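Novice: Quick one: the structure is below, questions incoming.
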Amino acid sequence: MTNSSGYGLRELQKDVQAALTVSVISLPQSMAYALIAGVDPRFGLYTAIVFAAVASALGSSSHLVNGPTGAVSLVVFSALSFIDADARVDAYEAMFLLAIMVGVVQIAIGVLKLGGLTRYISESVITGFMVGAAVLTIIGQVGNALGLKNQGTGHQHVFYRLWLTLTQSAPLNFKAIAISAASIALSMAARRAVRRYRLPQLDTFIVLLLVTVLAYFLGWSRPDATGQTAVGLNEAVPQNLPGFHIAVIQWKWLAPLSSSAVAIAFLGLLEALAIAKAIASETRQRLDVNQQCLAEGLGNLAGGFFRCMPGSGSLTRSAINYQSGATSKVSGVLAAGFVALLVLAFAPLTHYIPRAGLAGLLIVAASRLIDLDRLRYVARAGVYDAVLLGATAFSALAIGVEFAILIGVAVSLLLYAPRAAKLRVSELVVSNERIVRNRVSSDPKCTALTIYDLEGDLFFGAAPALEKCLDEAATRAREGSTGHLVLRVKRLRNPDAVCLEKLEHFLKESHRQGLVVFLAGVRADLEAAIGRLRFAQWFSHDRVFVETDDADSATLKAVRAAYQHLGKDNRCEHCNGGRVADPGASQAAYYLV
Amino acid sequence: MSTRNLHGAEARVGARLRFARLVRTLRPLDVVGIAAIAVATIAIGARNYEPPAELHLLNVSYDPTRELYRDLNARFAKQYQARTGRLPRIEQSHGGSSRQARSVIAGEQAADVVTLALPSDIGALVKRGVVADAWWKRLPNSARPYTSTIAFVVRRGNPRGLRDWPDLIRPGIEIITPDPKTSGNGKLSVLAAYGAVVLRGGTDADARAYLKSFFDHAAFLDPAARSTANAFAVERLGDVHVAWENEALREVAESKGELEIVMPAMSIQADPSVAWVDANVSLHHTEELARAYLEFLFTDEAQDLIAAMGYRPTNVAALERHREQFRPVELFFIERIAASWEDAEQRFFGENGVVDSVYHPKPRQLP
């Protein structure tokens, strides 16, 4: 860790600078993510204060900035959909409970040291999820961008809600459309300017400031005689800090919230760990994955008692934190403190932010989540990842964002299992130069000795493949008059009962048919297994060649033993013609694959 | 030790070792996390704890039925538990019948069922909309599980020779009976006395004169039946206790020969009635239990118990089985002196009714 030794004034100065930048960006983002979750914007700000401070202070990563995030907020929105749309207070209390439940799951993952398991979730699943989440975010903001009241309830499908919103009888609000269009255009221009002139990354903040000021001076955000404003405004944020509050809940909420809590817990960890790992790989920080899980969990749990939404690591804010020169966790904690100060100073002003302006920013931010380069890369890499990505994105849109990652993981397992169940089999041959190598079709047929090399995992799923391979080898060996078979089992791993039984059955059957089988390169686990199963009672130990460390390969020993066993009976043209088999020469065969 | 046991023991040892390893590798932040989960669970649990909803029923009844419902409740609870597996907790409340009805109307008592002295007391609940109009059609026998009447209790040997209604207003006789404004017993005493005059050829004016004299002979008017009974039997006040027949039977039985029961030649048939309180059972989700409870009162088991407690069961067979404890008396129905119980309530006990013309409140002056 860079901060443990010699944290001085210089480092503090850098951290303060980064924290200021991050907090200014946090303000609009947090309110926008609350908008995605369909809750009061102040809860987004509270999350950027309490959750962010706790998770940053306890976390392992030096640069990860925590707070509300788009993906988590999407799941929060659908998690709260079971509560009646009019019961806003109930929905808020349920959200605080949800944050606590997410925290409990994440802490459990951290304590049980299961954080490492997240690496089994394929990158393609995450990419697919991001695509689905981005599309959902954009769809969800169409109503706000057009100045229409969002229609439908969370129970209804997102596309149906969009249809209801677009087909309602209310006219389009062209002032709102102007604001959202302006904020989209300005964001894109501002990002370009920031890139080109290497400016501080305050583009979202400045764009939001611009459209808010613009709307105010056009009189669109000032109430008319009837108290209405021309465009919908952000809900007022009270000018105070989040207070301690124990959620007032109904116990029947626990069941509908639990699956979402697990989904958010995993999603949040994946998001946070992916960002933390990406930055850590550049800073060469050693990341403690389980500590990070605990920190996220404690942050969510504590946040649930201070009116916070569930949150995670933010990609944009973490990147800006890093690029702004943050040196340690201090910047993350300071950023949370600065957000608190900003809320105290400017909370009433946030009421003048037009909702269409936030919607425009969200649409831009969401479309940036769709990383076209990465999609192209995945599509070119192979069908497997493309299917995985497509299935995850599709299930996010069609089934539900909270199930998308679980479905993605299930699909990846489904796709992986058949591949794992495959055994690679190749026939080897002893060449005229006494080299054991892969047989090519031009090699003459050897009627004396057949050598098969097997590779793969010997778990129950592979049993049919194993049976097929063995049958093929036996058939091939019986074609020769003398029927000698060497099975190279060096690269068979983790034999289980089903496969061992298949092997035993094969060996006994071969013996009955007069086939002489040698097992070459038997590894320790297989040796132990056949020992326990007492193969020795019916299978000569002379035909088992255990894999050893010495230079002389077990396979070569087996081949020599097979030729010795063949002895004078070997009338194979290939063997005798090429002087392949010479029982007299002890160092007769070389080995090469 | 068999192999299986050996494996079981090995597995247990293995599990314990794994657990021990997990505990050893706990770091301070892990401990903080576990503690945080515990604190959060307790905080949420304590903030939102509600005592488990138990099966609970409140029976608001009139005054002398304490022993009756104590026994009936125990029998019913046992039977209900055997049938449904859930043990209901039944609470009972007693007092002057009209006063009990008023307190249910006022919401002071959240009665699930009412078992009151007069059908008109339940009528008062109907007028306020807390009991359904057709309450008397929902149970057998117009929702009257038992009847009773008014009897006299006198001292041993009947020293004042009191045999019938006219004897009570002889000079020097002190009558003990409850207040008709609050008590079912008090009301029925009035109706029985009135009937005893008019049904023997007297006019309304004769009957009112009799009632005026009757209340003049009352030393005091207690609000409810049981306290009145105690005044007569325990405190030995007055010469005659004009009481519920069931209360008279209980009093005499407990007096070890000190008291005697005297049946007047003529008395009124009282129709105590029962109903579940619709407004409250829907609130408490106890409709099923309340209905089962009241239906139980009409079963043979309950009817026998009712008879044994001195109430006249409406089940004829049960009444026959306990015939000997009920003295013969000429019972007249309310319809002989009024159109109905509601009409009687209106005419006798309403504003400027018969009672208002003959009685003035006479609360007991405690020394």
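Readers should treat all values here as calculations from the given coordinates under stated rules, not as data from a laboratory. Nothing here was measured: the structure is a model prediction, and the numbers come from that model. Note that we place each Cβ from the backbone using ideal geometry, even for glycine, and neighbour counts take in every protein chain shown.
Novice: For the stretch B:273-367, what class follows from the C-alpha gyration tensor (a ≥ b ≥ c being the square roots of its eigenvalues): rounded when a/c is under 1.5, otherwise prolate if a/b is larger than b/c, else oblate?
Specialist: On the way: a/c = 1.88, a/b = 1.26, b/c = 1.49.
Because a/c hits 1.5 or more and a/b fails to exceed b/c, the stretch B:273-367 counts as oblate.
Novice: Under 14 Å Cα-Cα from B:Lys362, which aspartates and glutamates qualify once same-chain neighbours fewer than 8 residues away are excluded?
Specialist: The reachable aspartates and glutamates, counting only those whose Cα sits under 14 Å from B:Lys362, are B:Glu174, B:Asp179, B:Asp216, B:Asp222.
Novice: Based only on other Cβ atoms within 10 Å, what is the fewest-to-most ordering of A:His484, A:His63, A:His157?
Specialist: With the sparsest Cβ surroundings first, the list reads A:His157, A:His484, A:His63.
Novice: Another question, then. Relative to the first principal axis of the alpha-carbon coordinates of chain A, what is the inclination of helix A:355-369, with its axis defined by its Cα atoms, in degrees from 0 to 90 and to the nearest 10?
Specialist: Rounded to the nearest ten degrees, it is 20.
Novice: In 5 Å bins starting at 0, how do the alpha-carbon pair distances of the stretch A:10-100 split up by percent?
Specialist: For the stretch A:10-100, the binned pair fractions read 3, 13, 22, 23, 16, 10, 6, 4, 2, 1, 0 percent.
Novice: Still on this model: State which helices in chain B qualify, where a helix is a whole DSSP H run, it must extend 15 Å or more along its own axis by its Cα atoms, and its mean Kyte-Doolittle hydropathy must be at least 1.6. Working shown, then result.
Specialist: Values: long enough: B:3-24 (31 Å, -0.40); B:28-47 (28 Å, 1.71); B:66-84 (26 Å, -1.42); B:184-198 (21 Å, 0.99); B:204-217 (20 Å, -0.67).
In chain B, the long hydrophobic H runs are B:28-47.
Novice: Among B:Ala225, B:Ala117, B:Ala233, which one moves the most in a GNM of chain B with springs linking Cα atoms closer than 10 Å?
Specialist: B:Ala233
Novice: Sticking with this one: Among A:Leu64, A:Tyr92, A:Phe51, whose Cα sits farthest toward the positive end of the charge dipole of the stretch A:1-118 (+1 at Cβ of Lys/Arg, -1 at Cβ of Asp/Glu, about the Cα centre)?
Specialist: Towards the positive end, the residue furthest out is A:Leu64.
Novice: Placing one identical point scatterer on every Cα of the protein assembly as shown and ignoring solvent, what is log10 I(q)/I(0) from the Debye formula at q = 0.04, 0.05, 0.06 Å⁻¹?
Specialist: -0.44, -0.61, -0.75
Novice: Using only Cα atoms and rounding to the nearest 10 degrees, what angle (0 to 90) does helix A:254-283 make with the longest principal axis of chain A?
Specialist: Between the helix axis and the principal axis of chain A, the angle is about 80 degrees.
Novice: Counting partner chain Cβ atoms within 10 Å of every residue's Cβ in A:305-311, what's the average? Please report the intermediate quantities before stating the final value.
Specialist: Numbers: counts 5, 0, 0, 0, 0, 0, 0.
Per-residue shielding by partner chains comes out at 1.
Novice: Compute the acute angle (0 to 90°) between the alpha-carbon long axis of helix A:329-346 and the principal axis of greatest extent of the alpha-carbon atoms of chain A; round to the nearest 10°.
Specialist: Rounded to the nearest ten degrees, it is 30.
Novice: Going by how many other Cβ atoms sit within 10 Å of their own, how do B:Leu55, A:Leu362 line up, fewest first? Intermediate values should be presented prior to the final figure.
Specialist: Working: B:Leu55 18, A:Leu362 28.
By the 10 Å Cβ count, ascending, the order reads B:Leu55, A:Leu362.
Novice: Moving on to the next point. Would you list B:Trp244, B:Trp136, A:Trp251 from fewest to most Cβ contacts within 10 Å? Mind showing how you got there, number by number?
Specialist: On the way: B:Trp244 32, B:Trp136 19, A:Trp251 11.
Listing B:Trp244, B:Trp136, A:Trp251 from fewest to most nearby Cβ atoms yields A:Trp251, B:Trp136, B:Trp244.
Novice: Here is a further query. Taking the mean number of other Cβ atoms within 10 Å as a proxy for protection, how do you rank A:265-277, A:117-129 from highest to lowest?
Specialist: The packing order, highest mean first, is A:265-277, A:117-129.
Novice: I'm a student and want to see the number: the projected area of the Cα convex hull of chain B, averaged over all directions, in nm².
Specialist: Working: hull surface 119.9 nm².
For the Cα atoms of chain B, the hull's average projected area reads 30.0 nm².
Novice: Next question. Take the cross-link list B:Lys137/B:Lys212; A:Lys252/A:Lys277; A:Lys445/A:Lys468; A:Lys252/B:Lys78; A:Lys14/A:Lys277 and give me the ones stretching past 30 Å between alpha-carbons. Before the final figure, lay out the partial values.
Specialist: Details: B:Lys137/B:Lys212 37 Å; A:Lys252/A:Lys277 38 Å; A:Lys445/A:Lys468 21 Å; A:Lys252/B:Lys78 32 Å; A:Lys14/A:Lys277 22 Å.
Distance filter (> 30 Å) returns B:Lys137/B:Lys212; A:Lys252/A:Lys277; A:Lys252/B:Lys78.
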